[in-house]
Amino acid sequence: MSENGDTPRAVLYARVSTDEQVRGYSLRQQLAALRSWCEAEGYRVFEEVEDPGHSGAYLERPGLDRVRDLVESGNVSVVVAQDADRITREPMHRAFLDSEMERHGCRLIALDDWGDDSHEGELLKYLKGWVSKGERLKIAERTRRGLDRRVAEGKVIGGNRSPYGFVYNEDRTALVPSEPEMGVVRRMFRMVAAEGESLGEISRRFKREGVPSAMGGDWPRSTVRYMLLSDLYLPRPPAELRGLVPEHLLAGLREDGSYGMWWWNRRKQTRWRERAEDGEIRRRSKTEQRPREQWRGVPVDLSGSGLVRAHVEAVREQVGKNTRRPPSTVAERFWVLSGGIARCAECGGGFSPMTVNPRQPSRRTYYRCHRHRDRPEACHNPRAVSAEPLEESVWQAVRSLFEEPERLMRLYEAYLERRRALLRVNPNGNPDAEARRLAQRLAELEEERRGYLRQNARGLLVDAELDVMLAEVDARREDARRALGKAHEMQTALHRLEGEREAMFGRFAAMARMDLRNLAAEQRRKVLLALRSRVEIAADASVRVRGVFDADITGLLPMKDAPADEPYTARFRSEIPEPYKGVVSLDNTRRFIS
């Protein structure tokens, strides 16, 4: 009986961690056992509180908050849970809760508690919590070791859903390409490589067509980018996987096969909970990438995927280095050359949009070096170039190039050859033959090293001599390994260039069929990006387009010979091309015109 003669009241607390337990019998089983205990001990159940799907590692739980509020009201004699780890798995948390409830005249009881209310009993309760925490840590460690062992055997870790384009095999130890999802993956690479589509356009087109993503909804740009850069979709021969996977796994791969890489232990996720200002409990998490040496890889057979390595590598290079800013839409205008295409020939900085009287019908638009605008001491190019004449002149040069397809192909081949020359250590050498020679040299050094060890085992070499021999051969072996790595990198880059060549020829053929005269501004920008165009504007008003082709377009711009200090008067009115009349102000001075 309580002090006032009433039957003491108890709050029952039940908790489970997983959704499966919530749907099962665990909560009901816990509450049934607690009701039986209360009936046997003479307690009246005041309230039953549940915490479904919450971890015992945190005190921030809605159900536990409700229990603490009830205890604080002073109407509760005891809070009872079936097991101590249902309350918490942290011994310090248990001590805190015991102290808090004792201040309000309440006891916290677990049916499996050790000890009693004595000082020794309190110590046993703490030890019980310490053991529970240790069990949790041991379970986590055993799980980690088991998963590492599984990956070392060449088996993937099956999740709730397989990566897009794949399904798990029957025992969920391997990934198998699956249609039609893999067809969507191939189309995604083709849209970037052959059609020059941006990540945003892929996302929007898939949404319009109702193509479901892995989650069943839309395609965020981040998802598209992640898939295009994922090693899982990059076909590689077994020889290039050496050093990425254990040797015993390489021995089981087909020499003529192609394999992607599925990575394990690549990221570390930290989860915690915090209480927001509105009192709600928010789940928070942070994901960090682990060091490269901690990753564990499993080769995935891509033979039936239809993915072409050269195309995938070309897209990966384009997307991976896509640091170009998006085009500007300042003053509700699409600036074709913004985002890094138009650049300053003096300092290399980008030309950014500039608008005079942006809200007036007679507004004037220019490109100007942002470094000179923000810090004149950083760049001495004060020129502001009228936007529409510059954009039209650049496009006229590009359009004339497509009127001569053979010349365009020759220029592009020369452009690729310049890039190949920069990649080759020996421009006249064969990178494939060099890689084979270095691999053979490395195998010979490995055999030489094993020979020294055998001689030492037979007593033909003393330990001091062995140390000298091994140090020498290890140094040569490390040099050969580094050279082989560079050769593989060169092979990869050259293969990527070939893939880019095929994709670009397909893109050029598509462009040749387009009406280039009436192309929208957005499409013009895509063509300029496909040609790797860079418009360089100098302080002397000269303008040059570089990239696949190199052209001086200074002569295409209006008013190129006007003195810098002469006003823009009616004398030059006749020299303004018809499309630009009314755009360039007749009241401005020559310094605003190229």
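Quick note: the coordinates plus some simple rules give every number you see, no bench work behind them. This one's a predicted model, so the numbers in the text were calculated from it and none came from an experiment. Cβ sites come from the backbone with ideal geometry, for glycine too, and all protein chains shown count toward neighbours.
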Translational D in µm²/s for region 407-512 (Stokes-Einstein at 37 °C, 0.692 mPa s, Kirkwood Rh from C-alpha pairs): 194
Proxy reagent accessibility, fewest Cβ within 10 Å first, across Trp395, Trp272: Trp272, Trp395
Protection proxy ranking, peptides 179-187, 522-530, average beta carbon neighbours within 10 Å, highest first: 522-530, 179-187
Region 166-320: antiparallel DSSP beta bridges as a percent of all, rounded to 5: 95
Ranking of Lys155, Lys138, Lys486 by count of other Cβ atoms within 10 Å, fewest first: Lys138, Lys486, Lys155
Order by protection proxy (mean Cβ within 10 Å, highest first), peptides 203-216, 289-302: 289-302, 203-216
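Run through every distinct alpha carbon pair of region 309-406 and return the Kirkwood hydrodynamic radius in angstroms, one decimal place.
Over region 309-406, the inverse of the mean reciprocal pair distance is 15.5 Å.
What translational D, rounded to a whole number of µm²/s, comes out for region 177-282 from Stokes-Einstein when the hydrodynamic radius is the Kirkwood one over Cα pairs, at 25 °C and 0.890 mPa s?
The diffusion coefficient I find is 144 µm²/s.
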Exposure proxy order (Cβ contacts within 10 Å, fewest to most) of Val319, Val462, Val192: Val462, Val319, Val192
